[in-house]
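Notes follow once the structure below has been shown.
Quick note: the coordinates plus some simple rules give every number you see, no bench work behind them. Treat the numbers as computed from the prediction; the structure is a model and nothing was measured. Methodologically, a virtual Cβ is constructed for each residue, glycine included, from the backbone with ideal geometry; neighbour enumeration extends over all protein chains shown.
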Amino acid sequence: MRIVLMGPPGAGKGTQARRLSESTGMKHLSTGDMLRAEVASGSELGLLAKEFMDRGDLVPDSNIIAMIQQHIDHPAGILLDGFPRTVVQAKALDEALEQTTTPVDQVIHMSVDIDELVKRLSNRALCGDCQTPYSLESDPPSQPGICDNCGGSVAVRVDDRPEAVTHRMKVYQDLTAPVLDYYKSHGDVVEIVATGSPDEVFEKLSQTIKSGMPGVNAN
Ligand code: ADP
Ligand code: ZN
């Protein structure tokens, strides 16, 4: 089973994918997390990626495709978060999956209006070690700046600063929205309105995924 979670920056893909991965056993694959880990380790890819990420630009397709290639298979299924983000990436994924047993099974689009997104991002902070997300307003770490989960340090991402956020929204419109059209032209895209509390959104997503599992009738 392979599920692609799509949605603009701040839609809550990472938060939800992490919870869904715990509840279903599927593997959570986040290209954003993978890239931040590369940056933190100071690898060659990390050094290259950092410049793009800090500006709010996409990392080149060739680097992303090479990075994700060996991870797209897992016995319990995978939840893709933040990939594919361009039509070139979506086509590369389809090609890579032709050699395996199952294609993309479900594409879920989490939609949130733009004002809400900008508000969420300016409030968002992240653990640099384990990537746990926090909302500084509604769900801050219990000790300021320290991760509840691992004790790592929690900070606002460089690309969540207002200048970069506006740019990321534009990049999403220009390069990632066409991926939704690509998937719509091949089959269904399930729309989920992702305003509301994280718990409400999690419920909706769980139902959607359950109905898409083999042997379960969707209704
Ligand atoms: P968000 O969904 O909030 O934008 P992510 O953590 O998914 O955050 O991504 C952060 C940054 O990492 C992106 O702005 C981009 O620079 C880079 N990135 C992540 N995934 C991809 C991808 N599939 N292709 C290109 N760049 C990516
Ligand atoms: Zn942590």
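With the requirement that a residue be touching a Gly at 6+ places or on another chain (Cβ under 6 Å) and away from ligand 2 (no atom under 16 Å from the Cβ), what does segment 145-193 give you?
Within segment 145-193, ASP159, ALA164, HIS167, ARG168 meet the criteria.
Given the conditions (1) within 21 Å of VAL193 (Cα to Cα); (2) over 17 Å from the mean Cα position of the chain (by Cα); (3) without any contact (Cβ under 8 Å) to a residue 40 or more places away in the chain, and given that SER122 satisfies all but one, which numbered condition is not satisfied?
Result: SER122 fails condition (3) only.
Does segment 136-150 contain at least one residue that is farther than 26 Å from ILE192 by Cβ and touching a residue at least 24 places away in the same chain (Cβ under 8 Å)?
no
In segment 21-57, which residues are in contact with a Ser or Thr (Cβ under 7 Å, 6 or more places away or on another chain) and not hydroxyl-bearing (Ser, Thr, Tyr)?
LYS27, HIS28
Can you list the strands (runs of 3 or more DSSP E) lying wholly within segment 52-163 that have 3 or more residues being more than 12 Å from ligand 1 (Cβ to nearest atom) and either touching an Asp or Glu at 6+ places or on another chain (Cβ under 7 Å) or not hydrophobic (A, V, I, L, M, F, W, C) (or both)?
106-111
If I filter segment 91-143 down to residues being among the small types (Gly, Ala, Ser) and within 16 Å of ligand 2 (Cβ to nearest atom), which single residue comes out as surrounded by the fewest Cβ atoms within 10 Å (Cβ to Cβ)?
For segment 91-143, the residue satisfying everything is SER142.
Pairs please, first residue from segment 21-46 and within 25 Å of PRO75 (Cα to Cα), second anywhere and of a type in the set (Lys, Arg) and within 16 Å of ligand 2 (Cβ to nearest atom), Cβ atoms under 7 Å, 6+ apart in sequence or on different chains.
HIS28/ARG18
Can you tell which of LEU97, LEU93, LEU80, LEU117 is more than 22 Å from PHE202 (Cβ to Cβ) and under 17 Å from the mean Cα position of the chain (by Cα)?
Result: LEU93 is the single residue among LEU97, LEU93, LEU80, LEU117 that is more than 22 Å from PHE202 (Cβ to Cβ) and under 17 Å from the mean Cα position of the chain (by Cα).
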